[in-house]
Amino acid sequence: MVYGEKPDISREKSAELYEKAKKCFPGGVNSPVRAFKSVYGTPLFIEKGDGCRLWDADGNEFIDFCCSWGPLILGHNHPKVREKVTEEMQKGMSFGAPTALETELAELILKNNRFIEKIRFTSSGTEAVMSAIRLARGATKRDKIIKFEGCYHGHSDSLLVKAGSGLVTFGETSSAGIPKSFAEETIVVSLNDEEALKAAFNQFKDQIACVIIEPVPANNGLLLQSKAYLQFLREICTQNGALLIFDEVISGFRVSFEGAAGYYDIQPDIITYGKIIGGGLPVGAYGASAQLMANISPEGGVYQAGTLSGNPVAMAAGIAQLSELAKSGFYKELNTKTEEFTNAIQRYATSKNYAFKVFQIASIFWFAFTDADAIQTAEAIDPASMEQFKLMHRELLNRGIYLGPSGYEVGFVSVAHSKIDLEKAKRAIFECLDIVFK
Ligand code: PLP
C-alpha cells in the first residue's frame, strides 16, 4: 500500500509471527510498547542486528536509533562484547555463588565514578530502583516518597503512580492491581516546579524518605532540567533529612561514564543503573556511600536478593562494554557526532519554518512536534502532536530508519553509527519532515 511517496515495507513474515505470538503472550509481546499500538502497522519481528543496523523477519534493513531502548551504546553485536560473552559461556551459565567477574565489573565502575562507594547488582532496572527505594525507606525509617510526573522508574508498585489533580497530590495508580494504600505513600509533583516540592515537604514534614528523579528525564519525551533545579533538589533533600535518588537507568554510562551525577556534578545519595551496564544482557545496579550500603542484607536489615544477580555471562558483557566506555575520548567523539546530526536536522526544520524541535543531550535525542524552545514538564507535551510522530515513524520505516514505536520515546546514537549512516538517516528525516508538514 502506498501512503506517502514510498510503498510501505513488506511485513508479511512479521505479521505471521505476530499472529503466533498473540496466542502465547498478552497482546503478543513481552513488554507493552513493542506492540506498535502508537504507530502504524504490526510490530516488526527482528531477526538480527549488527553495528547500527537491524534486519527484520521480512529481510527489511534499518539504521537503528532505538538500540534496544538504550543499552547498545556500542551498537549491535560488538565484537569485543560478543567475544567476552562467548568465552565466559564456555565455562557455564550460572552458579548462584560469587565469581571474580562481579568484582571486576564493580571495580571498573567504582574506580571511574566519584559518586558511589559500593554497588549491588540486580537483574533489571526495575529491581534496582525498587531496591533503592527500600534502602531509602530502611535508612530513614520513613515511608513516603516523592516522584515526578513524566519520570518512569520501572514497574514496581510504588512507582507506577501518576499525578492526581492539584499542586501536591497523592498519586493515583497508573496500573490496575496496585493497592490504593501503596499509591498513598507516593507523592507526585511536576518537574521544574520548586514551589510544588517545597509544598510537599511542608505538608509531609519528617515523613519523606526520598525524592527520586531521572536527572535526565527521557521516558516521556526528553524533559531536560536545569542544573540549578537539580541542585535545588539536592538542597531541599538535605534540609529535610530525605535521600536524593538519581535514577540513571538511561543516563548512567550514557551522558558520561559517571552518568548525570558526573555531567551535572551533583552528588545524589543513591544512584540506580540498568541498560548500558549490562552490555545488552539483563543487569541493573544501585550504588551509594559505603555507609548507606551497609544497610543492605547481609550486612544490614534491608533485604534484597536475586537468583541470577551478578550472572557471570551478563557480568562479562558489562565488563566488555564498560571497558570501551572508560577509554579516554569515548564520550567526546560520540556526543559531537550526535550533536552534528541533531543540529543539521534542526537547521533544516527551522529553514522550512516547521514546528519541530530536536532536543538532545549527549547521544540521546527526541523529536518533538512543537514551536516551544524548551519542554521541561510532561504537561507541556501536546498529545495531538503524536499523530505527526505516527506519520513520521511510518515514513521513516519506509526509508530504512528505525525509531522506537512511540513519539514519547527518545532515540539513541551509538558509536556504530558512522558519518555515512547518519548522513543517510538525515536525508530520510528531511524527506519525512516534508511529508509530515506538507
Ligand atoms: N528507570 C528508568 C529511568 C528506565 O528508563 C527504566 C526502563 O526503561 C527503568 C527504570 C526500568 O528498567 P527495566 O526495564 O530494566 O526494568
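Given the residues Phe170, Phe201, which is the only one that is at pLDDT 95 or above, among the aromatic types (Phe, Trp, Tyr) and more than 16 Å from the ligand (Cβ to nearest atom)?
Details: Phe170 fails: at pLDDT 95 or above.
One residue alone meets the criteria, Phe201.
Residues in segment 89-101 that are in a helix (DSSP H, G or I) and surrounded by 10 or more Cβ atoms within 10 Å (Cβ to Cβ): Met89, Leu101. Just wondering, is there one or more residues in segment 14-27 that are loosely packed, with under 15 Cβ neighbours inside 10 Å and under 23 Å from the mean Cα position of the chain (by Cα)? Yes - at least one qualifying residue is present in segment 14-27. The sole residue among Gly284, Gly252 that is closer than 20 Å to Glu88 by Cβ, in contact (Cβ under 8 Å) with a residue 24 or more places away in the chain and within 16 Å of the ligand (Cβ to nearest atom) is Gly284. Condition test on Ile208, is it crowded, with 24+ Cβ neighbours inside 10 Å, of a type in the set (Val, Ile, Thr) and away from the ligand (no atom under 15 Å from the Cβ)? It is true that Ile208 is crowded, with 24+ Cβ neighbours inside 10 Å, of a type in the set (Val, Ile, Thr) and away from the ligand (no atom under 15 Å from the Cβ). Filtering Arg82, Arg137, Arg142 for residues that are farther than 27 Å from His155 by Cβ and among the basic types (Lys, Arg) leaves a single hit, Arg82. Assessment of segment 266-277 against the conditions (crowded, with 23+ Cβ neighbours inside 10 Å, in contact with a Cys (Cβ under 6 Å, 6 or more places away or on another chain), of a type in the set (Gly, Ala, Ser) and outside the structural domain of Glu339 (by TED's automatic domain parsing)) yields no matching residue.
Of all the criteria given as (1) closer than 15 Å to Leu135 by Cβ; (2) out of contact with any strand residue (DSSP E or B) (no Cβ under 6 Å at 6 or more places or on another chain); (3) aliphatic (A, V, I, L, M), the one not satisfied by Leu243 is (2). Answer yes or no: is there a residue in segment 350-359 that is in contact (Cβ under 8 Å) with a residue 40 or more places away in the chain and either in a helix (DSSP H, G or I) or β-branched (Val, Ile, Thr) (or both). Within segment 350-359, not a single residue is in contact (Cβ under 8 Å) with a residue 40 or more places away in the chain and either in a helix (DSSP H, G or I) or β-branched (Val, Ile, Thr) (or both).
Taking segment 234-248 only, how many residues are more than 16 Å from the ligand (Cβ to nearest atom) and under 28 Å from Thr370 (Cβ atoms)? Working first, answer last.
We begin by selecting, within segment 234-248, every residue more than 16 Å from the ligand (Cβ to nearest atom); these are 234-243.
Applying the additional criterion that residues be under 28 Å from Thr370 (Cβ atoms) yields none.
Total meeting the criteria: 0.
Restricted to segment 131-167, and to residues there that are closer than 15 Å to Asp247 by Cα, of a type outside the set (Gly, Ala, Ser) and surrounded by 23 or more Cβ atoms within 10 Å (Cβ to Cβ), the residue that is modelled with the lowest pLDDT is Leu159.
When the residues of segment 264-281 are filtered to those that are touching a Leu at 6+ places or on another chain (Cβ under 8 Å) and hydrophobic (A, V, I, L, M, F, W, C), the one that is farthest from the ligand (Cβ to nearest atom) is Ile266. Can Glu83 be described as outside any helix (DSSP H, G or I) and either of a type outside the set (D, E, K, R) or more than 16 Å from the ligand (Cβ to nearest atom) (or both)? Criteria not met by Glu83.
Taking strands (runs of 3 or more DSSP E) that do not extend beyond segment 102-221, which have at least 1 residues that are small (Gly, Ala, Ser) and more than 30 Å from Val81 (Cβ to Cβ)? Counting at least 1 such residues, we get 208-213. Ala21 meets each of the listed conditions (1) among the hydrophobic types (A, V, I, L, M, F, W, C); (2) out of contact with any helix residue (DSSP H, G or I) (no Cβ under 8 Å at 6 or more places or on another chain); (3) assigned to a helix (DSSP H, G or I) apart from (2).
Quick grid of which residues meet (1) of a type in the set (D, E, K, R); (2) farther than 30 Å from Ser131 by Cα; (3) at pLDDT 95 or above:
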| position | (1), (2), (3) |
| --- | --- |
| Val302 | no, no, yes |
| Ala317 | no, no, yes |
| Lys332 | yes, yes, yes |
| Asn335 | no, yes, yes |
| Val358 | no, yes, yes |
| Ile364 | no, no, yes |
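Note on segment 211-229: among residues that are of a type in the set (A, V, I, L, M, F, W, C) and surrounded by fewer than 21 Cβ atoms within 10 Å (Cβ to Cβ), the one that is nearest to the ligand (Cβ to nearest atom) is Leu224.
Residue selection: Trp55 fails the criterion of being closer than 29 Å to Arg254 by Cα and outside the structural domain of Glu423 (by TED's automatic domain parsing).
The values are calculated or read from the model by the stated rules, or taken from the named source; none is laboratory data. Quick caveat, the model's predicted, so the values are computed rather than measured. Neighbour counts run over all protein chains shown; Cβ positions are idealised from the backbone, glycine included.
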